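Trainee: After the structure tokens below, expect a handful of questions from me.
The values are calculated or read from the model by the stated rules, or taken from the named source; none is laboratory data. Computed from a predicted structure; not experimentally measured. Counting neighbours? That spans all protein chains shown, and the Cβs are built from the backbone with ideal geometry, glycine included.
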Amino acid sequence: MKPISNELLLQQLQWRYATKKFDSIKKISPEDWHTLEEALLLTPSSFGLQPWRFYVVTDPHLRQKLVPISWGQTQVVDASHLVVFAVKKDLTTKDVDIYLQRIVDVRKVSADSLKTYRDMMVGFVNRPRNEFDIVAWATRQVYIALGNFMTSAALLGIDTCPMEGIEPAKYDEALGLGRDGYQTVVVCPAGYRASDDKYASLPKVRFKRDDVIQPLAASR
């Protein structure tokens, strides 16, 4: 038996949209929010390195200060929750070893058994920076987390709005992310749509299936 029906999955993906106006009174329950945090934790990443951090901004005064550096978009204050998706500015061998220790702790394996895997990851993160932009790589990883978060929220009947219309450097300053060695990439308010958000009832506009999905039955 499928964990979820085809119909329900598509129904919720049709239901979700980039919410422009949130109901500032309605809040996500602690149980649902815990589930969304777990969904973030379960997001896959290349090598499993998880080059990110998810900052949940709860202070209403701080969130109000974020409006001017969010192009005036009030979703950051009106939504129940606000998540700032940030990436590690630079990954090093130390980060690899921290992750490997986590594998040792969780899977109860020896560090020696991971040597080949360690060598591969160390070689990856230590590539010359003039040849490899590791922040750009980490940024691509964090968008996997964003998509996972939004889909998980939709399945719970929770609205989201991915927002790149922000000033990332000013977010870093306002939230003190620089002290942690992270930098803002994108933010995502989550909560419940306002009853008068006109965008909620608009039909989705997507290209036709044949324009974007191309089966390749044979080599070209």
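Trainee: Here is a list: THR43, THR35. Which entry is touching a helix residue (DSSP H, G or I) at 6+ places or on another chain (Cβ under 9 Å), under 21 Å from ASP159 (Cβ atoms), at pLDDT 95 or above and in a helix (DSSP H, G or I)?
Mentor: THR35
Trainee: As an exercise: evaluate PHE124 against (1) more than 27 Å from LEU42 (Cβ to Cβ); (2) assigned to a helix (DSSP H, G or I) and give the number of the one condition it does not meet.
Mentor: (1)
Residues are listed down the side, and each one gets a yes or a no for (1) over 30 Å from MET120 (Cβ atoms); (2) touching a residue at least 24 places away in the same chain (Cβ under 8 Å); (3) out of contact with any strand residue (DSSP E or B) (no Cβ under 7 Å at 6 or more places or on another chain); (4) not β-branched (Val, Ile, Thr):
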{"site": "SER45", "(1), (2), (3), (4)": "no, yes, yes, yes"}
{"site": "PHE54", "(1), (2), (3), (4)": "no, yes, no, yes"}
{"site": "HIS61", "(1), (2), (3), (4)": "yes, no, yes, yes"}
{"site": "SER70", "(1), (2), (3), (4)": "yes, yes, no, yes"}
{"site": "GLN75", "(1), (2), (3), (4)": "yes, yes, no, yes"}
{"site": "ALA79", "(1), (2), (3), (4)": "yes, yes, no, yes"}
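Trainee: Here's another thing I want to ask about it. Please determine whether any residue of the range 130-147 is more than 26 Å from GLY178 (Cβ to Cβ) and surrounded by fewer than 16 Cβ atoms within 10 Å (Cβ to Cβ). So that I can check it myself, show each step before the final result.
Mentor: Initially, the range 130-147 is screened for residues more than 26 Å from GLY178 (Cβ to Cβ), giving 147.
Add one more test, that the residue is surrounded by fewer than 16 Cβ atoms within 10 Å (Cβ to Cβ), and what stays is 147.
So far as the range 130-147 goes, yes, one or more of its residues are more than 26 Å from GLY178 (Cβ to Cβ) and surrounded by fewer than 16 Cβ atoms within 10 Å (Cβ to Cβ).
Trainee: Restricting to the range 1-32, name every residue that is without any contact (Cβ under 8 Å) to a residue 24 or more places away in the chain and part of a loop (DSSP other than H, G, I, E, B).
Mentor: Those that are without any contact (Cβ under 8 Å) to a residue 24 or more places away in the chain and part of a loop (DSSP other than H, G, I, E, B): MET1, LYS2, PRO3, SER5, ILE25, SER29.
Trainee: Test each condition in (1) in a loop (DSSP other than H, G, I, E, B); (2) touching a residue at least 24 places away in the same chain (Cβ under 8 Å); (3) among the aliphatic types (A, V, I, L, M) for VAL109 and report the one that comes out false.
Mentor: (2)
Trainee: Here is a further query. Does any residue in the range 197-213 that is basic (Lys, Arg) come within less than 7 Å, Cβ to Cβ, of a residue that is at pLDDT 95 or above six or more places away or on a different chain, and which pairs are these?
Mentor: Close Cβ pairs satisfying both conditions: LYS204/GLN14.
Trainee: Restricting to the range 152-178, give me the number of residues that are crowded, with 16+ Cβ neighbours inside 10 Å and part of a helix (DSSP H, G or I).
Mentor: Qualifying residue count, the range 152-178: 10.
Trainee: Any idea how many residues of the range 46-64 are surrounded by 14 or more Cβ atoms within 10 Å (Cβ to Cβ) and part of a strand (DSSP E or B)?
Mentor: Here the count works out to 4.
Trainee: Next question, about the same structure. Examine the range 91-105 for a residue that is closer than 15 Å to TYR171 by Cα and either surrounded by fewer than 19 Cβ atoms within 10 Å (Cβ to Cβ) or over 22 Å from the mean Cα position of the chain (by Cα) (or both), and state whether such a residue exists.
Mentor: no
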